[in-house]
1. Please give the net charge around Pro46, taking every other residue with its beta carbon less than 14 angstrom from that of Pro46, where Lys and Arg add +1 and Asp and Glu add -1.
2. What part of the accessible area of the chain, given as a whole %, is carbon or sulfur when the probe is 1.4 angstrom?
3. Using amide H atoms built 1.01 Å from N in the peptide plane, name the residues 5+ places from Ala47, or on other chains, whose amide H lies under 5 Å from its own.
4. At a Förster distance of 25 Å, what's the computed FRET efficiency of Gln52 paired with Val23, Cβ-Cβ distance as r, to 0.05?
5. For Glu103, Glu95, Glu78, Glu16, give me the order by solvent-accessible area with a 1.4 Å probe, most accessible first, ignoring ligands, DNA and RNA.
6. Tell me the label only: which of [x] 13.9, 40; [y] 13.0, 39; [z] 15.5, 46 is Rg and Dmax of the Cα atoms in Å as calculated from this structure?
7. Based on the Cβ-Cβ distance of Arg82 and Ala10, what FRET efficiency does E = 1/(1 + (r/R0)^6) give at R0 = 35 Å, to the nearest 0.05?
8. Using unit Cβ charges (K, R positive; D, E negative) and no other charged atoms, how large, in debye to the nearest 20, is the dipole of the chain about its Cα centre?
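The values are calculated or read from the model by the stated rules, or taken from the named source; none is laboratory data. From a predicted model like this one, the values you see are computed outputs, not experimental measurements. Heads up, the Cβs are rebuilt from the backbone with ideal geometry, glycines too, and the neighbour counts pull from every protein chain shown. With ligands, DNA and RNA removed, areas are computed over all heavy atoms of the protein, side chains included. Shrake-Rupley method; radii C 1.70, N 1.55, O 1.52, S 1.80 Å.
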Amino acid sequence: MTSIRMEAGAAPAADEPVFVISVAAYLSGLHAQTLRQYDRLGLVTPARSSGQNRMYSLLDIERLREVQRLGESGINLEGIRRILDLEEQVRMLSERIDALSSE
């Protein structure tokens, strides 16, 4: 199970998986079944609890909203997956460039 290390009243870290699927669906404005489909397609991959329940982070919620925004602009799910994969590659390469530049 994911342990949550927070002080009382503190906000969770952006990557801390703290939301069950019903809360993530509410926060993202999507149906829980849509979240399950996005997980199956690899668009958003939430963490899993010890009971194998999906646990979403704030970053996952942001990604769900981005998937929704791209879909509303007419891009199909495969196109969205490719866009998100390319954005992740760009982010990783930028981090690598920054690391190499600072050496």
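1. Values: positive: Arg36, Arg40, Arg48, Arg54, Arg63; negative: Asp15, Glu16, Asp39, Asp60, Glu62.
Neighbourhood net charge equals 0.
2. 54 percent
3. Counting only residues 5 or more places away or on other chains, the set is Met55, Ser57.
4. 0.90
5. The residues order as Glu103, Glu95, Glu78, Glu16, largest area first.
6. Answer label, from the structure shown: [z].
7. 0.45
8. Details: 12 positive and 15 negative charges, 94 e Å.
Roughly 460 debye for the chain.
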